[in-house]
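These notes are about the structure you will find just below.
The values are calculated or read from the model by the stated rules, or taken from the named source; none is laboratory data. All values reported here derive from a predicted model rather than from experimental measurement. Cβ sites come from the backbone with ideal geometry, for glycine too, and all protein chains shown count toward neighbours.
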Amino acid sequence: MIDALNTRFSREDKLTFTQHPSGLVLGNVDTSRCAASFFLHGSHLASFRPKSQSRDLIFMSSEAVFAGGKPIRGGVPICFPWFGAHPTNSDAPAHGLVRTVAWEMLDTSLTGDVVDVQLGLIIDELELRYEMRFGDELKLAFSARNLGNIAKSCELALHTYFNLADATRAVVTGLERCNYRDQLTKVEHPPSGEPIQFVAETDRVYFGHTDEIKIVDSAAGRTIVLRPLNSSSSVVWNPWIDKSKRLTDFGDDEYQRMCCIETARVTPNQLLIEPGHTETVAVTIGV
Ligand code: BG6
């Protein structure tokens, strides 16, 4: 399988495929611009480091489990076609089905020193495409085309785990003017007018489109910039102390080194995909 992938999809020595120790297939990008990796499992971005940076932009838990049928703790899991618990079926897994199955490699290209990969998956009469573009910045673009005859209502989150030197000193700006729902209390809040700081367990869905979100990681002396496209919700998550201990695939103190800012479409801002139509949600991430 690895040989076949390399024959068809590798690009010089800048995009190659290897087998991860877990047995999952890993795509590896190494160019003058960045180093990155992704699993076909879940079409899951695992790491991205612009060559200007000594630290990865993306966090991966040291206790992550890499196995078919299981989500990976860190990187960018794709949550689709529902976010959080399934609305009616309590037996269904959290955050949908597509983060735990292998996607198909569809196409790759090398333009200048920018690597572009396309993966695909068909579920429930929806043709999914995921593009990852690896340059000085990372671009992630998810699209879903409705192959059926009835409109589909779907939630999505590009559940991005950011790698921070110190989350307790980090500040997130860009969401000050958005209403938000606190997922811990289910209480809806008006815009806070304030940047976000992590001082306790934080689990919020912010509503409304935002052109730019910044994560100021002062301990690392850098600011990570996200530019979402066609997203009308953003999820902000840090499990803090007690939840970190409850998560079996996450280190007890790893909450100090990450936060999730998820480019999303969460109810009531979910995607409505008409028959024959395609909806795309994307984000560009840089420093
Ligand atoms: C976030 C949710 O997006 O994902 C949280 O808002 C949830 O409520 C977190 O705990 C992690 O989810 P999971 O299923 O990957 O453990």
Next item on the list: Return only the number of the condition from (1) surrounded by 13 or more Cβ atoms within 10 Å (Cβ to Cβ); (2) in contact (Cβ under 8 Å) with a residue 12 or more places away in the chain that Gly193 does not satisfy.
Entry: (1)
Notebook entry, point to check: In this structure, does Glu127 turn out to be part of a strand (DSSP E or B), charged (D, E, K, R), surrounded by fewer than 16 Cβ atoms within 10 Å (Cβ to Cβ) and away from the ligand (no atom under 15 Å from the Cβ)?
Noted result: yes
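Can you pull out the residues in the range 205-225 that are small (Gly, Ala, Ser) and either under 24 Å from Asp136 (Cα atoms) or crowded, with 24+ Cβ neighbours inside 10 Å (or both)?
If we filter the range 205-225 for residues that are small (Gly, Ala, Ser), which is where we start, we get 208, 218-221.
Correct list: Ser218, Ala219, Ala220, Gly221.
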Check: Which one is nearest to Glu131 (Cα to Cα), of the residues in the range 94-115 that are hydrophobic (A, V, I, L, M, F, W, C) and within 16 Å of the ligand (Cβ to nearest atom)?
Finding: Val98
Next item on the list: Hey, could you check the range 93-112 for residues that are in a loop (DSSP other than H, G, I, E, B) and modelled with pLDDT of 95 or more and say which is farthest from Gly42 (Cα to Cα)?
Entry: Ala94
Margin query: Of everything in the range 158-200, what is more than 25 Å from Leu138 (Cα to Cα) and among the small types (Gly, Ala, Ser)? Give them in sequence order.
Written below: Ser192, Gly193, Ala200
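From the list Pro275, Pro228, Pro239, which residue is crowded, with 21+ Cβ neighbours inside 10 Å, of a type outside the set (Gly, Ala, Ser) and either in contact with a strand residue (DSSP E or B) (Cβ under 8 Å, 6 or more places away or on another chain) or under 26 Å from Ala165 (Cβ atoms) (or both)?
Details: Pro275 fails: crowded, with 21+ Cβ neighbours inside 10 Å; Pro239 fails: crowded, with 21+ Cβ neighbours inside 10 Å.
Testing whether each residue is crowded, with 21+ Cβ neighbours inside 10 Å, of a type outside the set (Gly, Ala, Ser) and either in contact with a strand residue (DSSP E or B) (Cβ under 8 Å, 6 or more places away or on another chain) or under 26 Å from Ala165 (Cβ atoms) (or both) leaves just Pro228.
Looking at the structure I just gave you, is Gly120 in contact (Cβ under 8 Å) with a residue 12 or more places away in the chain and not in a strand (DSSP E or B)? Let's see the steps before the verdict.
Working: in contact (Cβ under 8 Å) with a residue 12 or more places away in the chain: yes; not in a strand (DSSP E or B): no.
Here the answer is no, as Gly120 does not meet what is asked.
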Item checked: Set Val283, Val287, Val187: member being farther than 24 Å from Ser62 by Cα and out of contact with any Ser or Thr (no Cβ under 6 Å at 6 or more places or on another chain) -> Val187
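Could you pull out the residue among Ser43, Ser37, Ser22, Ser47 that is more than 19 Å from Phe162 (Cα to Cα) and of a type in the set (Gly, Ala, Ser)?
Details: Ser43 fails: more than 19 Å from Phe162 (Cα to Cα); Ser37 fails: more than 19 Å from Phe162 (Cα to Cα); Ser47 fails: more than 19 Å from Phe162 (Cα to Cα).
Result of the check over Ser43, Ser37, Ser22, Ser47: Ser22.
Assess whether Asp91 counts as being without any contact (Cβ under 8 Å) to a residue 12 or more places away in the chain, over 22 Å from Leu226 (Cβ atoms) and within 16 Å of the ligand (Cβ to nearest atom).
Numbers: without any contact (Cβ under 8 Å) to a residue 12 or more places away in the chain: yes; over 22 Å from Leu226 (Cβ atoms): yes; within 16 Å of the ligand (Cβ to nearest atom): yes.
Judged against the criteria, Asp91 is a match.
Can you list the strands (runs of 3 or more DSSP E) lying wholly within the range 2-87 that have 1 or more residues being crowded, with 21+ Cβ neighbours inside 10 Å, in contact (Cβ under 8 Å) with a residue 60 or more places away in the chain and more than 14 Å from the chain's Cα centre (by Cα)?
15-19, 25-30, 34-39
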Check: Any residue in the range 204-218 that is closer than 19 Å to Ala170 by Cα and more than 20 Å from the chain's Cα centre (by Cα)?
Finding: yes
